[in-house]
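Note sheet for the following structure.
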Amino acid sequence: MPFLPGARSRWPLLAALALLLAATPLAAIPARLLLPDGRPAAGFEVAVVGRSGATRTGADGRFRLEPTPPLPFTLVATSPEGQLFPPVEVAALPASEPLEVALLAVSRDSVTVLAGVAPGLDASPAAAAVVLGVEELEQRRPPRLVDAVSGLPGVSQLGEGADSVPALRGLARGRTLLLVDGARVSAERRVGPSATFLDPESLASIEVARGPGSVAYGSDAFGGVIHARTRDPEPGRTSGRAALSASAGGLSERAGAAELNLPVRSWALLLALQGRDADDAEAGGGEAIPNSSGSAYGGALRTAGPAGPGWARLSLSLDRVRDLGKAASDADVVRSTYPREDADRLTLGWSAGELAGWDSLDLMGFYGRYRVLLERDRIATPSTPRRIESSDTDARDAALRATGGRPFAGGRLRTGLDLHGRFGLEARTGRTDFDAAGEEVAYQEALAIADASQRDLGLFAIFDRPLGDRLLLSVGARGDATASENRGGFYGDLERSEEALSGHVALTSGPWRGVTTTLQVASGFRSPTLSDRYYRGPSGRGFVVGNPDLDPERSRQLDLALRWGRAGRSVALSAYRYRIEDLIERYRDGADFRFRNRGEADLAGVELEAQAALGRGFEIQAGLAWSEGEDAATGEAIADVAPTGGAVNLRWAGARGYAWGRLYGALRFDEPGPAEAERAGWAAVDLGAGWRFGRGLEVQLVLRNAADRRYVASPDETATPVPGRSLLAGLTWRP
């Protein structure tokens, strides 16, 4: 990619600074956000569709749009509780008074899926953003996070079953950042974090930003960011919610959830419980998918309310996964299960609107504990006796993030401190051998990692400034200091530290006849996980041997984004070309999996998505994605690249009910990477409908894989087919 600048090139930054100095500042727009009943909307996040970042309203609903967006523009607001409101189009500005934006009432039967915006994320200017509202999640009833985001252009999955991992733009295995309420989800699994413990029933929205996010988030964000936001308490009212569902056929599963919201003076308290239990699934045609059962349960206690000039939130969640099978085509030979997975997460947040010259301030603190137990049972054969290998991994996570935005030098400056790390990591492995009669004859235990830690301190700044009426320049820079440390275990005492610089320069033009264009050049880095470097022992796919000499990955990323939107219709086209240097690759070495820095890899792709209101309650959404990836030196295919595929969604919403249909699929994939297999093309259909009886009871039906197609969605060479046709019946009650 000779047209991409080197990671240390200074010309984009110098050119951007020159343009900034020559730019003429434009006045900010004072505005006020009102609820549908006319009251001020306090503590809301307000974002401009097609522009990254968001500002927050004050106690009187006031906020400022800086830099000034060119007319016409569309605003999207999110309440402090995470409720997403329909977009509001602004075609003209008042001559002297502040702009008053009145929010539209949210219909329970209308689905909120908005492209071009992710209010809770510091996405890069060229990021392809989308937000899925609570109505979308409640109507589709996805059993896992990866199911909730499947079908979006550029989104793929690794693995099949409850431990599947979502990936953006083929950048998997720790290159797609996963957040829950703003805090990182970390894992020592080689496939990357999956948030297996997270039940979509507990979510208020999911925000997805496809494209480099290294400036705002540092490591792990080459492909983009997926942000899951849980439901928050609602001050001022007592309310509840209960949901039950059961499915039969390809996916046999029972699920339930309950919530109770209680006002406590000006604050509110929310108690939430949920559980899910699944049997072994069946593929299309009734073929059994062995070792695919499991159960999960958990709960959360959250409180939120005004705190000084801002809004505060405290959340404690305890989630448990038990006896989770890892579905694989070789499960009749080697059966991997997770008997135990525990996730405890404490999150504290505070945010404010205009305060001491800042138009938004956000603080987030996080502490968590994560433990996972794996058992890998090699079934006895006539020539080999039974053997069980196990690993028990325990770690703590912590983070502190502080960000603020303010007018500066005719534009808007957003700065932040981002400190996060994992500490106290311990990994114990075991091996139990049996004789030909099935009797235990030996047990060995080893300490793979005795005490390991990894920390990252990042400082970043993003400055946006207009260059005239219809040009916007964005310059972002970040510096990170990372360190990893290992004490004891297989590899002994080792330390590594690195310093990394990331940045982006983006120029946005428009709208010109409704079309906005963004060209962006970015660079980033990714640190290897502690297990990539220091772990030696069994994993869900085989025996893993870490590599302490792994170097961090670096990226050079070029993005082009075009977006057109008007009167409830939008079309977005994204094209990208990335080069990853020192790519960390998992590869087979006999019966083991090892890691190495491969050199340089190229990724390229195009994504197209469209959305339109058709009238009479109908809406259509469609997306298509193509991508390819190869070793820059040899031309060999790299792993995790998704096949060409897409989805079309047709929805109808009436006064008391709704219905939807979804057609999705992929073309044949015949360029597998290491440890992958070729896959045939496929297409499938999902259908759903719901009806409200009275004010509180809603009945839902969802038919997944309606044609009972047999296909494999994951690239892994041992992946199983997806579940066949299954019918889900659900009840939701709001007293």
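The strands (runs of 3 or more DSSP E) located wholly in the stretch 615-685 include none with 1 or more residues which are closer than 21 Å to VAL165 by Cβ, in contact with a Cys (Cβ under 6 Å, 6 or more places away or on another chain) and open to solvent by 60 Å² or more (accessible area, probe 1.4 Å). Across the stretch 388-413, the qualifying residues are those that are modelled with pLDDT under 95 and of a type in the set (Lys, Arg), and the one among them that is least open to solvent (accessible area, probe 1.4 Å) is ARG412.
Just one of (1) at negative phi; (2) among the small types (Gly, Ala, Ser); (3) modelled with pLDDT of 95 or more; (4) open to solvent by 20 Å² or more (accessible area, probe 1.4 Å) trips up ALA243, so point out which. Just one mismatch for ALA243, condition (4).
For the stretch 95-122, the set of residues classified as open to solvent by 60 Å² or more (accessible area, probe 1.4 Å) and either within 30 Å of the chain's Cα centre (by Cα) or at pLDDT 85 or above (or both) consists of GLU100, LEU104, ALA105, ARG108, listed by residue number. Does GLY161 meet the test of being open to solvent by 20 Å² or more (accessible area, probe 1.4 Å), closer than 30 Å to ALA246 by Cβ and in a loop (DSSP other than H, G, I, E, B)? No, not satisfied.
Residues that are among the hydrophobic types (A, V, I, L, M, F, W, C): find the strands (runs of 3 or more DSSP E) completely inside the stretch 497-565 holding 2 or more of those. Write out each step before concluding.
Working: elements: 515-526, 536-538, 543-545.
Correct list: 515-526, 543-545.
Got at least one residue in the stretch 519-533 being over 19 Å from ASP220 (Cα atoms), touching a Lys or Arg at 6+ places or on another chain (Cβ under 9 Å) and touching a residue at least 60 places away in the same chain (Cβ under 8 Å)? Among the residues of the stretch 519-533, not one is over 19 Å from ASP220 (Cα atoms), touching a Lys or Arg at 6+ places or on another chain (Cβ under 9 Å) and touching a residue at least 60 places away in the same chain (Cβ under 8 Å), which makes the answer no. In the stretch 572-579, the count of residues that are buried (at least 20 other Cβ atoms within 10 Å of the Cβ) and among the aliphatic types (A, V, I, L, M) is one or more.
Can you find even one residue in the stretch 39-54 that is surrounded by fewer than 17 Cβ atoms within 10 Å (Cβ to Cβ) and either within 28 Å of VAL130 (Cβ to Cβ) or at pLDDT below 80 (or both)?
Going residue by residue through the stretch 39-54, those that are surrounded by fewer than 17 Cβ atoms within 10 Å (Cβ to Cβ) are 39-40.
Narrowing the set further to residues that are either within 28 Å of VAL130 (Cβ to Cβ) or at pLDDT below 80 (or both) leaves none.
No, the stretch 39-54 contains no residue that is surrounded by fewer than 17 Cβ atoms within 10 Å (Cβ to Cβ) and either within 28 Å of VAL130 (Cβ to Cβ) or at pLDDT below 80 (or both).
Where residues in the stretch 484-515 are among the small types (Gly, Ala, Ser) and under 30 Å from LEU560 (Cα atoms), which of them is most open to solvent (accessible area, probe 1.4 Å)? By that ranking, first place goes to SER509.
Scanning the stretch 717-735 for residues that are assigned to a strand (DSSP E or B) and hydrophobic (A, V, I, L, M, F, W, C) yields LEU727, LEU728, ALA729, LEU731, TRP733.
Considering the stretch 651-673 alone, what residues qualify as being within 25 Å of the chain's Cα centre (by Cα) and more than 19 Å from PRO153 (Cβ to Cβ)? Correct list: PRO672, GLY673.
Taking the stretch 674-727 as the range and being within 30 Å of SER239 (Cα to Cα) and among the small types (Gly, Ala, Ser) as the test, the residues that pass are GLY688, ALA689, GLY690, GLY694, GLY696. I'd like the full set of residues that are β-branched (Val, Ile, Thr) and surrounded by fewer than 24 Cβ atoms within 10 Å (Cβ to Cβ), limited to the stretch 517-543. Within the stretch 517-543, THR517, VAL521 meet the criteria. In the stretch 686-697, of all residues being modelled with pLDDT under 90 and open to solvent by less than 60 Å² (accessible area, probe 1.4 Å), the one that is farthest from the chain's Cα centre (by Cα) corresponds to GLY694.
The residue pairs whose first member lies in the stretch 440-452 and is closer than 15 Å to PRO538 by Cα, whose second member is open to solvent by 60 Å² or more (accessible area, probe 1.4 Å) and not in a strand (DSSP E or B), and whose beta carbons are closer than 7 Å, counting only pairs six or more residues apart or on different chains, are ALA448/PHE490.
The values are calculated or read from the model by the stated rules, or taken from the named source; none is laboratory data. On a predicted model such as this, the values are computed, not experimentally measured, just so you know. Backbone-built Cβ (ideal geometry, glycine too); neighbour counts: all protein chains shown. Keep in mind that these areas ignore ligands, DNA and RNA; they rest on the heavy atoms of the full protein, side chains included. Shrake-Rupley method; radii C 1.70, N 1.55, O 1.52, S 1.80 Å.
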